[in-house]
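What follows is calculated from the coordinates using simple rules that are stated; it is not laboratory data. None of these values were measured; they are calculated from a predicted model. Using ideal geometry, Cβ is built from the backbone for each residue, glycine included, and neighbour counts are taken over all protein chains shown.
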Amino acid sequence: MNKYLKNTLLVTLSFILLLSIVIFSVLWSYSNNIPDYKFLKNYKPPVSSKVYSGNGELVADFSKEKRIFVPYNSIPKNVINSFLSAEDKNFFSHPGVDAKGVLRAVVNNISNIISSKRLEGASTITQQVAKNFLLNNEVSFNRKIKEAILAFRIERALSKQRILELYLNQIYLGSGAYGVAAASLEYFDKSIKDLNYAESALLAALPKAPSKYNPYRNIELAKFRRNLVLKNLFDNEYINLKLYNELKIKKIDLRKSKKIFLEDAQYYIEDVRKNVIDTFTYDKIYKQGFNINTPINLKFQKIATETLREGLISYDKRKGWRGALTNKKYSKNWNNDLKKFNLEKSINWELAIVKKLNKFSAEIETEKKLNGKIKFQDISWTKKEFNKLLKVGDIIYVKRINESIYSLKQLPKINGGIVVMDPYTGRVLALSGGFSFKKSEFNRATQALRQPGSAFKPFVYALALENNYTPSSLILDAPIVLDQGDDLKMWKPENYGKKFYGPSTLRVGLEKSRNLMTVRIAQDLGLSKIINLSKKLGIYDNPEELLSISLGSAETTLLKLTSAYSAFVNGGKLVNPILIDRVQDSEGKTIFNNNKRKCVNCDQISYLGKDYPIIKDSYQTVFSPQTAYQMTSILEGVVKRGTAKKIKDLKLNIAGKTGTTNKNTDTWFIGFTSNLLIGVYVGSDNPVSLGKYETGSKTALPIFKEFIKKVVKKSEARPFKAAKGTVMMVVDPITGQKAKFTSKNTIIEVYKKENVINGEVLYSNNDRLDVNNILKFY
């Protein structure tokens with residue numbers, strides 16, 4: 001018997017030793033082939049960068065994964081308790097692998113196999129961290145061993161709090177949300193500190209199957225799973241029976257996070273995105289959780305986008321109907337495969353199919369399967385009858401007017417851009433680069449290089465005022481032929497309308513946009529001065545040295561041109577367009593700041609005293625404040641008497657200039673009030689004529705007008721502030737000479753003090769009123 005016991009004991013010990021060697025060998029072999037886990041100690045999960053408006057509203061989110069990192073100490077106990085109850089109730093007591101949980105899963109899975117039920121897992125939170133950070137989702141014995149080994153090692157290297165922090169910030173919780181903070185906003189529009197137990201339990205219910213239990217997809221199934229977590233909370237004594245009974249019958253109150261993420265701001269946001277990526281790299285923007293503050297004014301942005309679209313539609317209607325998008329045979333699924341025609345929701349257009357045509361109406365079905373009618377009065381702009389306009393099966397855009405009545409719509413063939421700026425700082429308050437970002441991401445405000453035409457002329461006239469001209473200097477308006485150099489044709493510029501008006505004042509030359517006068521001024525100033533000024537203002541980079549540049553023949557963008565106009569409003573200072581005010585890293589440290597102003601005495605004054613802070617800027621002066629004010633006065637005249645008089649009826653203090661290029665290919669209007677600058681461009685992506693009478697005053701100006709009507713109150717459009725060193729005189733607008741008491745037609749003209757002596761204007765050193773001097777230009 002003793003011999004038998006000895007043999008049995010020997011065999012048992014040998015088996016145990018052999019098993020231990022096998023286990024050790026397996027663990028050793030796996031241990032040498034597992035990922036490095038030590039980086040988890042200082043690991044920060046990728047966090048999305050947020051873009052904010054000038055008023056602090058969330059505008060955009062740059063991320064691959066929607067995540068907000070929250071440190072362990074900021075995660076409330078009810079959230080922690082819910083996840084522990086749902087995923088790993090023994091988390092704070094096991095060493096990484098829960099032996100009790102594994103044994104329980106083995107026993108239960110025997111029963112599950114017999115009854116063909118889904119197998120139960122026994123992964124701890126630590127094992128899930130190991131899987132999510134270091135392994136893949138492969139279902140295999142090998143992975144489970146590696147997972148267990150890593151779990152033990154992670155537990156030795158990291159605190160329980162750090163492991164839980166990693167888990168709660170990394171876990172996927174459905175609807176694109178990673179981590180509890182992002183999920184709290186996604187499902188309840190709340191900070192996690194405001195979550196109650198019912199809400200925390202719902203979040204804790206999601207890791208098991210985020211899509212299956214997503215409350216937006218199946219709220220009843222989500223409630224069932226939530227209640228299981230609540231039961232676990234009760235069983236684990238985190239909540240009492242009374243609270244459990246109250247919570248389990250509570251409805252799931254979902255509140256989608258209020259995201260502005262304006263479709264209307266996509267052109268602006270995309271330019272910001274490109275800018276920050278160029279500055280900080282893609283990885284930093286999409287992983288390091290920057291806070292990007294922009295000047296965008298969401299009210300202005302919405303109105304700017306709407307007015308641009310309305311203006312483009314208005315032009316397009318003048319050109320008539322071009323035809324349906326496509327034609328399909330009517331069926332229940334007629335709206336399949338039409339995604340390429342989708343537009344932004346903010347446009348409020350729907351796709352529809354024509355089902356029946358009558359003489360004075362068309363019966364349609366929208367993509368939402370609603371039946372409606374288009375009446376004759378809603379197609380009057382097409383100047384066609386229904387049977388010549390549409391066919392049964394035509395796919396068209398429509399806009400709902402009332403319950404069952406729709407109007408016919410058409411995507412404009414042309415496009416354009418609008419920019420709204422603060423002229424004193426260059427901060428871009430609104431920007432749109434086209435009718436639809438979904439249809440074309442090409443930004444006509446910042447990317448489209450186009451000829452500005454007459455919209456460039458004010459800079460030639462400003463340069464003239466800087467070089468001894470006055471607003472009353474007479475310039476000859478008559479034919480001129482110029483030699484442009486070797487291998488170039490003789491250049492014979494013409495006025496719009498091909499008329500000539502003889503000697504006219506400098507003011508009239510700009511108000512009426514006279515090409516011949518502008519060329520003569522440019523010829524007198526010299527081409528190099530004009531090119532240097534255009535470079536200094538950032539309008540052009542390296543334009544060709546041709547005199548036609550004075551008429552806007554070189555190419556620039558709407559944003560650059562609009563920004564250059566700031567100098568007329570702000571007293572002659574150069575400001576650059578600003579799309580980003582400031583960028584802060586995830587810890588709140590400012591790593592980029594666009595503020596060009598400084599307080600020079602803030603460290604010397606008491607906030608309780610009577611002294612005021614002195615704010616100074618570092619903007620470069622491009623021309624004198626006196627010239628800037630003279631130009632503003634002349635550009636006011638463009639609105640009162642010149643090419644922009646269509647907005648005179650607004651009865652606001654507005655200045656600006658229209659622009660139209662040869663053959664009416666590109667049209668512009670850049671205008672401003674005393675505190676707001678707006679630029680509008682209209683044209684085609686493949687430059688073609690817009691039409692014989694489609695000038696800047698007919699296409700771009702109405703867009704500006706509608707924006708101003710909706711944004712600027714009369715009290716806000718204050719008179720432009722006169723510059724020191726200027727005097728005003730009542731003059732004859734035709735001759736520029738001091739008006740007589742009997743004169744009926746007069747204007748108030750602005751002169752520099754050095755040009756006025758004893759009430760008389762010194763027109764220049766050469767006295768351009770002299771007839772012989774005028775003839776010199778001829």
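Things to note:
- Each peptide in 591-599, 392-400 gets a packing score, the mean of other Cβ atoms within 10 Å over its residues, and the list from highest to lowest is 392-400, 591-599.
- Euclidean distance between Cα centres, region 459-488 to region 402-439, Å: 36 Å
- Each peptide in 236-244, 305-313, 328-336, 433-441 was scored by the mean count of other Cβ atoms within 10 Å over its residues; highest first, the order is 305-313, 433-441, 236-244, 328-336.
- Kirkwood-Stokes translational diffusion coefficient of region 657-742, alpha-carbon pairs, 20 °C, 1.002 mPa s, µm²/s: 136 µm²/s
- Measuring against 30 Å, Cα to Cα, the residue pairs 319/439; 596/648; 319/339 contain 596/648 as the ones spanning a longer distance.
- Label-point separation, residue 281 to residue 646 (7 Å along Cα→Cβ), nm: 5.1 nm
- Percentage relative contact order, the chain, counting C-alpha pairs under 8 Å, at least six apart: 11 percent
- Ordering 588, 167, 656 by the projection of their Cα atoms onto the charge dipole of the chain, which places +1 on the Cβ of Lys and Arg and -1 on the Cβ of Asp and Glu, puts 167 at the extreme positive end.
- Theoretical gain in end-to-end length, residue 15 to residue 718 [0.36 nm per residue, Cα-Cα removed]: 243.4 nm
- For region 574-703, projected area of the alpha-carbon convex hull averaged over all directions, nm²: 13.7 nm²
- Spatial separation of Cα centroids for region 84-100 and region 715-732, in angstrom: 78 Å
- Percent of beta bridges antiparallel (DSSP, the chain, rounded to nearest 5): 90 percent
- Residue (of 381, 364, 704) at the positive-pole extreme of the chain, dipole from beta-carbon charges: 364
- Along principal axes, Cα extents of region 309-400, largest first, whole Å: 35, 32, 20
- Greater than 32 Å apart at Cα, pairs in 193/610; 640/710; 589/710: 193/610; 589/710
- Where Rh is the Kirkwood radius over Cα pairs, Rg/Rh for region 588-657: 1.23
- Cα pair distances in region 684-732, grouped into 10 Å bins until the bin that holds the longest one, percent each: 17, 26, 25, 25, 8
- Sites matching trypsin sites (Lys or Arg not before Pro) across region 647-740 that sit in DSSP coil, with at most 16 neighbouring C-beta atoms within 10 Å: 651, 692, 713, 714, 721, 724, 740
- The lysines within cross-link reach of residue 744, meaning a Cα-to-Cα straight distance under 16 Å and a gap of 8 or more places when in the same chain, come to none at all.
- Potential lengthening of the chain between residue 327 and residue 44 amounts to 96.6 nm, from the contour at 0.36 nm per residue minus the alpha-carbon distance.
- For region 233-373, alpha-carbon Rg and Dmax in angstrom: 24.7, 75
- Taking every alpha-carbon pair in region 360-430 and binning the separations at 5 Å intervals from zero gives 3, 13, 22, 16, 10, 7, 7, 7, 6, 5, 2, 0 percent.
- Positive minus negative residues near residue 466 (Lys, Arg vs Asp, Glu; Cβ under 11 Å): +2
- Only the Cβ atoms of Lys and Arg (+1) and of Asp and Glu (-1) were treated as charged; on that basis the dipole of region 176-295 about its Cα centre amounts to roughly 520 debye.
- Straight-line cross-link reach from residue 356 at under 13 Å between alpha-carbon atoms covers these aspartates and glutamates, not counting any fewer than eight positions away in the same chain: 365, 394.
- Environment charge at residue 371 (Cβ cut-off 11 Å; Lys +1, Arg +1, Asp -1, Glu -1): +2
- Lys, Arg +1 and Asp, Glu -1 on Cβ, resulting dipole of region 495-654 about Cα centre, debye, nearest 20: 820 debye
- Where only alpha carbons of region 384-505 are counted, the Rg and the Dmax (Å): 24.0, 69
- For region 526-590, the pair-distance distribution built from all alpha carbon pairs, in bins 5 Å wide starting at 0, is 3, 16, 22, 18, 14, 8, 7, 5, 3, 3, 1 percent.
- Region 306-387 - charge dipole about Cα centre, Lys and Arg +1 at Cβ, Asp and Glu -1, debye rounded to 20: 320 debye
- Annotation for region 354-408: GluC sites (Glu not before Pro) lying in DSSP loop with at most 11 further Cβ atoms inside 10 Å of their Cβ are 403.
- Reach of residue 284 by Cα under 14 Å, taken over aspartates and glutamates that are not fewer than 8 positions away in the same chain: 61, 65, 585, 587
- When the inverse distances between all different Cα atoms of the chain are averaged and flipped, the Kirkwood radius reads 32.1 angstrom.
- The packing ranking of peptides 247-256, 153-162, 571-580, 464-473, highest mean first, is 464-473, 571-580, 153-162, 247-256, where packing means the average number of other beta carbon atoms within 10 angstrom of each residue.
- Quotient of C-alpha Rg and 2.2 N^0.38 Å, computed over region 440-594: 1.24
- Potential extension, residue 157-residue 402 segment - 0.36 nm per residue separation minus Cα distance: 81.6 nm
- Counting every alpha-carbon pair across region 419-491, the share separated by more than 14 Å comes to 79%.
- Dipole-positive endmost among 183, 678, 528 within the chain (Cβ charges, Cα centre): 183
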